Structure formats: structure tokens, C-alpha cells
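One structure below.
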Amino acid sequence: MKRLITIFFAALVALAMPFAAHALDIGPAKQQGLVGETDSGYIAATAPNPSGEVSKLVNSVNAQRKAVYEKAARQNGVPLAEVEKLGAKKAIENTPKGQKIRIGGAWKTK
């Protein structure tokens, strides 16, 4: 479990970096309230009908997170759901005040 946590923290740091390949970066998108962290371990658009740019960002970030989660799960012999749960917990804990989080299906401002 300790190794899983170490791998996860390294992955979380990598995921927290802005993605320069996108016209919209995750940091500014979170600050603007366009996306937020969820209790699934992934991000989601906060609006019901997000722009194409927001949807593209969400899909890209979530695909990258899933790849990291799957690798950590394989390397540590634990279910993917366990890694996703840990990822969600840490991402929500690390979300600054004023940004959106979704727990139990409801958005709120932290």
C-alpha cells in the first residue's frame, strides 16, 4: 500500500501540471469554474452543455489519469477502483478553496 501511495503522489504531481497542448489548461479551467474534481477520481465539466474546448480538456485529462491509475493498479496488484478512490480523495483534498468539487452527484464550491 505504501508503494501505491508513493506512485500515486508522483502521478498526481504530473497530473497537476498544466497541459500546454490544450488551448484551455486545467488550472485556469478549474479557477474559472468550468471543470472540477469529482469523487470518481476524474474531472468533469460543471455545466450541463460544456463547450467543445472544455469537453476536449476533460476527455484528455481523464484519459491520462485513467492510464496512470491503471498502471498503478497493475504494478501494485490492486483493483482499479481502489486507485481511483485514492485519486479522488487526494484530488479533492488538494482542491483550493473557491474551486468546484462534485461529491455524490452534486456540485459545490469548496
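Throughout, read-outs are computed from the coordinates displayed, never taken from laboratory work. Quantities reported herein were computed from a predicted structural model and do not represent experimental measurements. As a convention, Cβ positions derive from the backbone with ideal geometry for all residues, glycine included, and neighbour counts pool all protein chains shown.
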> Just checking, which of 93, 70 is free of Cβ contacts under 8 Å to residues at least 24 places away in the same chain, surrounded by fewer than 17 Cβ atoms within 10 Å (Cβ to Cβ) and in contact with a Leu (Cβ under 7 Å, 6 or more places away or on another chain)?
Replying inline: 70
> Hey, among the residues in region 73-84 that are surrounded by 14 or more Cβ atoms within 10 Å (Cβ to Cβ) and not in a loop (DSSP other than H, G, I, E, B), which one's nearest to the chain's Cα centre (by Cα)?
Replying inline: 84
